[in-house]
Every structure is written in structure tokens, then in C-alpha cells.
Amino acid sequence: QVQLVESGGGLVQAGGSLRLSCAASGRTFSSYGMGWFRQAPGKEREFVACISGTGGVTAHADSVKGRFTISRDNAKNTVYLQMNSLKPEDTAVYYCAATLYGYGSSRLLYNYWGQGTQVTVSS
């Protein structure tokens, strides 16, 4: 089992940057594919990015491609989401998630979820 704790959210102006972190418990972090999802008020939770256990493969949603970058440091049991050129439509609660079943964009793949961190982008 793994526990996930996100941090790094906050209020930023449009065009600014934030880096989210997700710290995981446990000794087998590299066995987990990791994902970032987000949920805006009144909307469904949507895929943002994912990364394989080794970090060798990543994928990003079209809406964030070229602006956001997912990465991980297995020595620190941490996954990151670097967010640049933020837009007001990026405002949401951001969640990290872990899965033992590879990696991917479907919420159904992920067994473990963090509590979320709020990102607010002002215009």
C-alpha cells in the first residue's frame, strides 16, 4: 500500500509557474506508475499527465502539452508536475495517483490517491 501527499499548490497569475510535488510512502515506489489528475468545480476529474515506474515514459494531456512536465525522483519517492504558462482554465484541485498496473490516462487504473492540492490561476 502507498500513501500520497501533494504539495506546492497556490495562487498564481496567468503566465506564471508552479511546481507540484507528490511524496509517496513505502519502499517500492519505482513499482508504481504515477499520474496527475485535476478537477475543477462542477467538472469531472480529468487526466493531466502520467509517468512509468522508471520514469522512462511519460504522457501529457493535449490541453497541457508543451506547458506542463511530469517527472519523478525514485530516490526521493516523489513525483513532480512542473506547470508553466499557467492559464485561468488550469484552476482546479490537482491530485496525484499511483497504480501497480502500468500507467495511463484512465482514472480506473489508479488504486491510490492523494488528498489534492488547490491551484488557482488569476487572469
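The values are calculated or read from the model by the stated rules, or taken from the named source; none is laboratory data. Predicted, not measured: the structure shown is a model, and the values here were computed from it. Neighbour counts run over all protein chains shown; Cβ positions are idealised from the backbone, glycine included. Please note that ligands, DNA and RNA were not included when accessible areas were found on the heavy atoms of the full protein model with its side chains. Shrake-Rupley method; radii C 1.70, N 1.55, O 1.52, S 1.80 Å.
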Could you list, in sequence order, the residues of the stretch 52-74 that are within 20 Å of A24 (Cα to Cα), without any contact (Cβ under 8 Å) to a residue 12 or more places away in the chain and more than 14 Å from the chain's Cα centre (by Cα)? G56
Could you count how many residues in the stretch 83-123 are within 25 Å of Q1 (Cα to Cα), touching a residue at least 60 places away in the same chain (Cβ under 8 Å) and in a loop (DSSP other than H, G, I, E, B)? 10
Of all residues in the stretch 41-51 being part of a loop (DSSP other than H, G, I, E, B) and free of Cβ contacts under 8 Å to residues at least 60 places away in the same chain, which is least open to solvent (accessible area, probe 1.4 Å)? G42
Restricting attention to the stretch 63-82, which residues are in a strand (DSSP E or B) and of a type in the set (S, T, Y)? T69, S71, T78, Y80
Mind counting the residues in the stretch 101-119 that are loosely packed, with under 15 Cβ neighbours inside 10 Å and over 14 Å from G55 (Cα atoms)? 6
Could you tell me whether the stretch 10-26 includes any residue that is β-branched (V, I, T) and open to solvent by 30 Å² or more (accessible area, probe 1.4 Å)? no
